[in-house]
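**Student:** Here's a structure for you.
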Amino acid sequence: MKRGELYRVHRGSQQDPRKYRVFVIVSRQTVIDSSFSTIICAPVYTTHHGISTQVQVGLNEGLKHDSCIYCDDLVSIPKNKLTDFVGTLSSKKIQELNNALKIAVAVE
């Protein structure tokens, strides 16, 4: 399990109308490799609003549709729910993700 990997998770949250949702791991690798049971992830949606806290992803990342990572909607997910691997972000997309996360949490 690595930062930047995408996983399909069954019923991401109780408020989510979809049976499955794709999430990208955004926690730092030290936490992922630790004994902590949860890690921070960002959901992937098919809608794109063109704002700076969203990162466009699609077929190159293993998805079926053009989609978008929402960095304003971070969630903590148990590691044991991340079993259905979808794909991995390229180094360029990870840099875009880093920039979007900085904006989302107001880090200079």
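The values are calculated or read from the model by the stated rules, or taken from the named source; none is laboratory data. The structure presented is a predicted model; accordingly, all values stated were derived computationally and were not measured. Every residue, glycine among them, receives a Cβ derived from its backbone with ideal geometry; neighbour counts consider all protein chains shown.
**Student:** Tell me which of these Lys93 doesn't satisfy, since it passes every other one: (1) in a strand (DSSP E or B); (2) over 14 Å from Tyr7 (Cα atoms); (3) in contact (Cβ under 8 Å) with a residue 60 or more places away in the chain; (4) not aliphatic (A, V, I, L, M).
**Tutor:** (1)
**Student:** For the stretch 65-108, enumerate the residues that are surrounded by fewer than 15 Cβ atoms within 10 Å (Cβ to Cβ) and of a type in the set (Gly, Ala, Ser).
**Tutor:** Ser76, Ser90, Ser91, Ala106
**Student:** Considering only the stretch 60-90, state which residues are small (Gly, Ala, Ser) and touching a residue at least 60 places away in the same chain (Cβ under 8 Å). I'd like the intermediate steps shown before the answer.
**Tutor:** Step one: filter the stretch 60-90 for residues small (Gly, Ala, Ser), giving 62, 67, 76, 87, 90.
Scanning the stretch 60-90 gives a single hit, Gly87.
**Student:** Still on this structure, please answer the following. Filter the stretch 19-36 for residues that are part of a loop (DSSP other than H, G, I, E, B) and either surrounded by 13 or more Cβ atoms within 10 Å (Cβ to Cβ) or modelled with pLDDT of 85 or more (or both) and give the result. Even if it seems obvious, please write down each step before you answer.
**Tutor:** If we filter the stretch 19-36 for residues that are part of a loop (DSSP other than H, G, I, E, B), which is where we start, we get 19, 26-28, 34-36.
If the condition is that a residue be part of a loop (DSSP other than H, G, I, E, B) and either surrounded by 13 or more Cβ atoms within 10 Å (Cβ to Cβ) or modelled with pLDDT of 85 or more (or both), then Val26, Ser27, Arg28, Ser34, Ser35, Phe36 are the ones that fit.
**Student:** Is the stretch 44-59 home to any residue that is under 12 Å from Leu6 (Cα atoms), surrounded by 21 or more Cβ atoms within 10 Å (Cβ to Cβ) and without any contact (Cβ under 8 Å) to a residue 40 or more places away in the chain?
**Tutor:** yes
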